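Student: Before anything else, here's the structure in question.
The values are calculated or read from the model by the stated rules, or taken from the named source; none is laboratory data. All of these numbers come straight from a predicted model, not from anything done at the bench. Cβ placement follows ideal geometry from the backbone for every residue including glycine, while neighbour counts extend to all protein chains displayed.
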Amino acid sequence: YNITGAFLVGLMGAAHCFGMCGGLVGAFSAQIPQAKTGNLLAHQLRFLLSYHLGRLLSYTVAGALVGGSAAMLGHLFEVDSYLLVLRMVAGLMMIATGLYIAKLWGAIVHIERMGKWLWLALKPVAQRFVSIQRPTQALMAGMIWGWLPCGLVYSTLTWAVASGSMYQGGCIMLAFGLGTLPALLTAGVAAKQLANWVQQKTIRLMSGLLLVAFGSHTLYIAAAQLN
């Protein structure tokens, strides 16, 4: 459920992605050096894919770190119930995220404030990669931008923590990152069409309620095991 839900959050959070990262991706695209020879589209895609690969690597590393840390704490202190409590928190966050995607409750956006201190520390480093001349620089830029404060990222990270596994945590965040690719890799007309599609009331409600169902199931299982 968590991996499927994470992908769904990334995919259906397209409008949020456009608002948070669309300007950054546009600015980055404008900085791609002109191809001297060869196919222009292939040249641009090489830089864009490098950028997004870096972003996905950051998400995956973050998921693996928090999932692995949760597993380590469990072994270190031999506390069996704390993971169940974390899963209950993850279930609640999944429900909140579903309500946000369905546009029924927007509390998730406020979570982004928690990460502002981290971004203030990373921003000076990120500014060094404003001028991109090589795909390796695009990769590094993507890895830094991947830590941009985002309520959807933080929400999905709680699922990675609750997984209690480095592998599962990494997979959850990778699935989320892959879900964001259609929104952030497309441009122009294609991006507008995707934004219009995910903003359809029926699509929003179905996707949001599916996440609410995932979260409710997670809550039910965790509560039953805790009791």
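Student: Please determine, by comparing only the residues of region 89-110 that are aliphatic (A, V, I, L, M) and surrounded by 20 or more Cβ atoms within 10 Å (Cβ to Cβ), which one is modelled with the lowest pLDDT.
Tutor: Pass one, region 89-110, residues aliphatic (A, V, I, L, M): 89-90, 92-96, 99, 101-102, 104, 107-109.
Narrowing the set further to residues that are surrounded by 20 or more Cβ atoms within 10 Å (Cβ to Cβ) leaves 90, 93-96, 101-102, 108.
Numbers: Ala90: 89, Met93: 89, Met94: 88, Ile95: 91, Ala96: 90, Ile101: 85, Ala102: 86, Ile108: 78.
Applying the filter and picking the extreme gives Ile108.
Student: Is it the case that some residue within region 198-208 is surrounded by fewer than 18 Cβ atoms within 10 Å (Cβ to Cβ), within 22 Å of Ile3 (Cβ to Cβ), at pLDDT 85 or above and not aromatic (Phe, Trp, Tyr)?
Tutor: Yes, region 198-208 has at least one match.
Student: Could you tell me how many of the residues in region 111-160 are of a type in the set (A, V, I, L, M, F, W, C), modelled with pLDDT of 70 or more, farther than 18 Å from Leu65 by Cβ and loosely packed, with under 12 Cβ neighbours inside 10 Å?
Tutor: Going through region 111-160 one residue at a time, the tally reaches 1.
Residue-wise test of (1) acidic (Asp, Glu); (2) farther than 15 Å from Leu211 by Cβ; (3) without any contact (Cβ under 8 Å) to a residue 60 or more places away in the chain.
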position: Leu56; (1), (2), (3): no, yes, no
position: Gly63; (1), (2), (3): no, yes, no
position: Ala71; (1), (2), (3): no, yes, no
position: Leu76; (1), (2), (3): no, yes, yes
position: Ser81; (1), (2), (3): no, yes, no
position: Val85; (1), (2), (3): no, yes, no
position: Leu92; (1), (2), (3): no, no, no
position: Ile95; (1), (2), (3): no, no, no
position: Tyr100; (1), (2), (3): no, no, no
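Conditions (1) within 21 Å of the chain's Cα centre (by Cα); (2) under 24 Å from Ile3 (Cβ atoms); (3) not aromatic (Phe, Trp, Tyr), marked per residue:
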residue	(1), (2), (3)
Pro33	no, no, yes
Lys36	no, no, yes
His43	no, no, yes
Leu48	yes, no, yes
Gly54	yes, yes, yes
Leu57	yes, yes, yes
Ala64	yes, yes, yes
Gly68	yes, yes, yes
His75	no, yes, yes
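Student: Of everything in region 63-73, what is in contact with a helix residue (DSSP H, G or I) (Cβ under 6 Å, 6 or more places away or on another chain) and either over 19 Å from Cys150 (Cβ atoms) or surrounded by fewer than 20 Cβ atoms within 10 Å (Cβ to Cβ) (or both)? Give them in sequence order.
Tutor: The first filter runs over region 63-73 and keeps only residues in contact with a helix residue (DSSP H, G or I) (Cβ under 6 Å, 6 or more places away or on another chain), leaving 63-64, 66-68, 70.
Within region 63-73, Gly68, Ala70 meet the criteria.
Student: Given the criterion at pLDDT 90 or above and over 24 Å from Val85 (Cβ atoms), identify the matching residue among Gly169, Gly179. Steps first, answer last, please.
Tutor: Details: Gly169 fails: over 24 Å from Val85 (Cβ atoms).
Exactly one of Gly169, Gly179 is at pLDDT 90 or above and over 24 Å from Val85 (Cβ atoms), namely Gly179.
Student: Could you list all residues from region 148-171 that are over 11 Å from the mean Cα position of the chain (by Cα) and aromatic (Phe, Trp, Tyr)?
Tutor: Passing the criteria: Trp159, Tyr167.
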